[in-house]
Amino acid sequence: MIRQTTLSCAMVMAALTAGAQQLTPANILITPENRLSVKDKEMREAVRDWSKEHLASADYARIPAHPSAAIFPGTVDKRATRVTQTVSIAHNKISDALVPVVSKLNFSQPWRNNMYSTGLYAVAGEYIEVTVPESLLGKDVCLQIGAHSDNLNYWVAGGEDWRRLPNIVRVDTIRKKSMRITSPFGGLIYITAPPKSDSWTADVKIARAVKAPLFIAGKTTAAEWQAQLAASKAPWGELATGKVVLTIPDSILRQVSDPESVLQLWDLIVGGEMELAQIPQPFYRPQRMVIDEHIGGGFMHSGYPIMIHHSPSRKMLSADVIANPTKLLKGSKGGANWGFFHEIGHNMQNNDWVFGGTTEVSCNFFSLYMFDRLLGGRDDAHTGVSNDETQAAMKKYFAAGPEYTKWQKDPFLGLIMFRQLQEAFGWETYKQFFREYQQLAASDPSGGYVKGDQQKRNLWAKTFSKVSGRNVAPFFEKWGIPISDDVEKELAALPEWMPYNFPPQ
């Protein structure tokens, strides 16, 4: 096993042989075993600036490959043939009916450009040439090199030792019929377009690229897949359906002998969470999941794409689960399956029903739903929803006196309240609840019906009372969650609901 160290300028300088070149942002090697320390602010800023400059440079012939790119995202086999390939891309504008629904899915980064896979890879430091029909010019269509879009200069990663270069994705708006573009880091090649832009279909020619494995469910045959793997010289590839696209290292892809069954299970997972959220299907684009050595924060995080840590040096392993989701079909007491269901759940959260303290709570509705519907129950779903911890958490909370600020700080305590509602009224009531919110957004796109935390809490109690036929405002208040007096009076005509033996004796 390689002993892990933290890279600093002094350490690398000492490691350089006599007379070797001086350490610079252009030659520094940042890897999981040789990290760039959070304390080395001067070099981190220099690396950030070097990356920004070269990712934006139009001088394609003078952009070098960065040495760290050979480790991550990885090197292309020297024997790889550069190809010229025409890829047919179909961009579909999001429907008017979906816009109000999607506009509330804040954690999913709903208006990031749609990414369309090409099955091609750009070699670090080598230009590719893209040629498009004139009809695409002026439509904000972009060419993107790289899938690993987390910028490590920010969020949690901004305070961590870097295990890869901080910013490795290049995006260029296509402004001419033919453009030459170079990335110092290389990566999978995508054509992207804004979700709200008009639909189009076009043939895009890409030259001087390397083929990368791309399995499209219902289109790529098993024989074609095996041939792609045998010929592949790229470090990354993808598995794709209309509901999900998985970006996976080539070393893991080679273990996928039956991609069709892998994608069927992922479709079931993503489709199930969308079904609970009552999001109309087919959706305007697939959910994307990308494996990464170092992400912005957490073991995974939501967004477009959902970013997933896979770092053997940090003992965070997930690539094999992505490629073999049957491993998710067994309770893990808060392991990978809860994590995947949780992050996809974030992408399903409607911001109108996420009130203070519930960001990390209501995404777990979807975790629970998938355990109920996919695994057949909640045994070993997460220690936080176990009988013992549920009872202990409630007794401790109510013994001290219910208080909203305390409730907000404990996601699994917060989840108990919503579990009680689900156990009493069922998932179908939740589905109707979610549909009510979508109808509100459709009728008032400005969102004027709910402003601020108090209104969000009021609307939650009102809407759930409406769809369940019972007044749940006193139940909220019993938990210490303030509901306005006028809402309590409005709901007083409905029969009051409270769980039996609550608070627990």
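Couple of notes before you dig in:
- Scanning the stretch 303-318 finds one or more residues that are farther than 30 Å from Asn34 by Cβ and either in contact with a Ser or Thr (Cβ under 8 Å, 6 or more places away or on another chain) or among the β-branched types (Val, Ile, Thr) (or both).
- Residue in the stretch 1-41 that is surrounded by the most Cβ atoms within 10 Å (Cβ to Cβ), counting only those that are in a loop (DSSP other than H, G, I, E, B), among the hydroxyl-bearing types (Ser, Thr, Tyr) and at pLDDT below 50: Ser8
- Looking across Ile181, Ile174, Ile216, one residue alone is touching a strand residue (DSSP E or B) at 6+ places or on another chain (Cβ under 8 Å), among the aliphatic types (A, V, I, L, M), at pLDDT 95 or above and open to solvent by 40 Å² or more (accessible area, probe 1.4 Å). It is Ile216.
- Residue match in the stretch 249-256 (condition: of a type in the set (A, V, I, L, M, F, W, C), closer than 24 Å to Ser197 by Cβ, modelled with pLDDT of 90 or more and open to solvent by less than 40 Å² (accessible area, probe 1.4 Å)): no
- Top-ranked residue of the stretch 109-118 - restricted to ones that are assigned to a loop (DSSP other than H, G, I, E, B) and not aromatic (Phe, Trp, Tyr), ranked as farthest from Pro184 (Cα to Cα): Pro110
- All positions within the stretch 209-259 that are in a loop (DSSP other than H, G, I, E, B), among the small types (Gly, Ala, Ser) and touching an Asp or Glu at 6+ places or on another chain (Cβ under 7 Å): Ala217, Ser232, Ala234
- Extreme residue, most open to solvent (accessible area, probe 1.4 Å), among residues of the stretch 304-324 that are assigned to a strand (DSSP E or B) and either at pLDDT below 85 or among the aliphatic types (A, V, I, L, M) (or both): Met316
- In the stretch 95-117, residue surrounded by the most Cβ atoms within 10 Å (Cβ to Cβ) [restricted to those that are within 24 Å of Val210 (Cβ to Cβ) and out of contact with any Leu (no Cβ under 8 Å at 6 or more places or on another chain)]: Met115
- Subset of the stretch 81-94 that is of a type outside the set (D, E, K, R) and in a loop (DSSP other than H, G, I, E, B) - its residue that is surrounded by the most Cβ atoms within 10 Å (Cβ to Cβ): Ile94
- Strands (runs of 3 or more DSSP E) completely within the stretch 119-174 that count 1 or more residues being hydroxyl-bearing (Ser, Thr, Tyr): 128-131, 170-173
- Contacts under 7 angstrom Cβ, first residue in the stretch 105-122 being closer than 19 Å to His91 by Cβ, partner open to solvent by 50 Å² or more (accessible area, probe 1.4 Å) and of a type in the set (D, E, K, R), 6 or more apart: Gly119/Lys211; Leu120/Lys211
- For Lys327, the criteria (1) surrounded by fewer than 22 Cβ atoms within 10 Å (Cβ to Cβ); (2) assigned to a loop (DSSP other than H, G, I, E, B); (3) touching a helix residue (DSSP H, G or I) at 6+ places or on another chain (Cβ under 6 Å) hold in every case but one, which is (2).
- Selection from the stretch 131-168 of residues that are among the β-branched types (Val, Ile, Thr) and under 16 Å from the mean Cα position of the chain (by Cα): Val156
- Within the stretch 359-469, helices (runs of 4 or more DSSP H) holding 3 or more residues that are open to solvent by less than 30 Å² (accessible area, probe 1.4 Å), touching a residue at least 24 places away in the same chain (Cβ under 8 Å) and over 30 Å from Val99 (Cα atoms): 411-443
- For the stretch 176-204, a tally of residues being free of Cβ contacts under 8 Å to residues at least 60 places away in the same chain and farther than 19 Å from Ala61 by Cβ returns 1.
- Subset tally (residues that are closer than 28 Å to Lys93 by Cα, surrounded by 13 or more Cβ atoms within 10 Å (Cβ to Cβ) and among the acidic types (Asp, Glu)) for the stretch 124-139: 1
- For the stretch 175-185, the set of residues classified as hydroxyl-bearing (Ser, Thr, Tyr) and assigned to a strand (DSSP E or B) consists of Ser178 only.
- Residue among Glu403, Glu360, Glu343 that alone is modelled with pLDDT of 95 or more and touching a strand residue (DSSP E or B) at 6+ places or on another chain (Cβ under 8 Å): Glu343
The values are calculated or read from the model by the stated rules, or taken from the named source; none is laboratory data. Quantities reported herein were computed from a predicted structural model and do not represent experimental measurements. Heads up, the Cβs are rebuilt from the backbone with ideal geometry, glycines too, and the neighbour counts pull from every protein chain shown. Ligands, DNA and RNA are stripped out before the accessible areas are found, and what is left, the full protein with its side chains, is counted by its heavy atoms. Shrake-Rupley method; radii C 1.70, N 1.55, O 1.52, S 1.80 Å.
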